[in-house]
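Comments concern the structure below.
The values are calculated or read from the model by the stated rules, or taken from the named source; none is laboratory data. Note that this is a predicted model, so its numbers are computed, not measured. Backbone-built Cβ (ideal geometry, glycine too); neighbour counts: all protein chains shown.
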Amino acid sequence: MDRYTVRLRRKALTDVRPIRAWYEKIDSSLEERFLQALNEALDRIETRPNAYQVVYRSTRRVLHKFPYSVFYIVQARSVVVLAVIHHKRDWKLAQGRSE
């Protein structure tokens, strides 16, 4: 099976920091489980990036066990993660990051 290279943009990494801090504050095992779920989502994107729903132009979204979505675009043999956003927030925040 072909694998794509997955890169997280700086803003996507910035999205993840407060989420990690929040779960760490509640319980360090929650932070670990969040990171594991995020990594599992990234692994799924790496192997099957076109399997997930297009939500805006070429921006796709994958959900994972926590209430966050990973927004990304597929470029040739790579995947660029644009945002990691809570389900209750407006997903259109990722739109401006795709350009």
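Applying the selection to region 83-95, what residues are in a loop (DSSP other than H, G, I, E, B) and at pLDDT 75 or above?
If the condition is that a residue be in a loop (DSSP other than H, G, I, E, B) and at pLDDT 75 or above, then 87, 88 are the ones that fit.
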Can you find a residue in region 32-50 that is of a type in the set (Gly, Ala, Ser) and over 15 Å from residue 85 (Cβ atoms)?
no
Answer yes or no: is there a residue in region 8-18 that is in contact (Cβ under 8 Å) with a residue 60 or more places away in the chain, closer than 16 Å to residue 85 by Cα and part of a loop (DSSP other than H, G, I, E, B).
yes
Just checking, which of 80, 55 is touching a residue at least 40 places away in the same chain (Cβ under 8 Å), in a strand (DSSP E or B) and of a type in the set (A, V, I, L, M)?
80
If you take the residues in region 61-77 that are assigned to a loop (DSSP other than H, G, I, E, B) and surrounded by 14 or more Cβ atoms within 10 Å (Cβ to Cβ), which one is modelled with the highest pLDDT?
66
Log entry, pairs with first residue in region 31-44 being surrounded by 15 or more Cβ atoms within 10 Å (Cβ to Cβ), second being part of a helix (DSSP H, G or I), beta carbons closer than 6 Å, six or more apart or on different chains, reads 31/20; 31/23; 31/24; 34/23
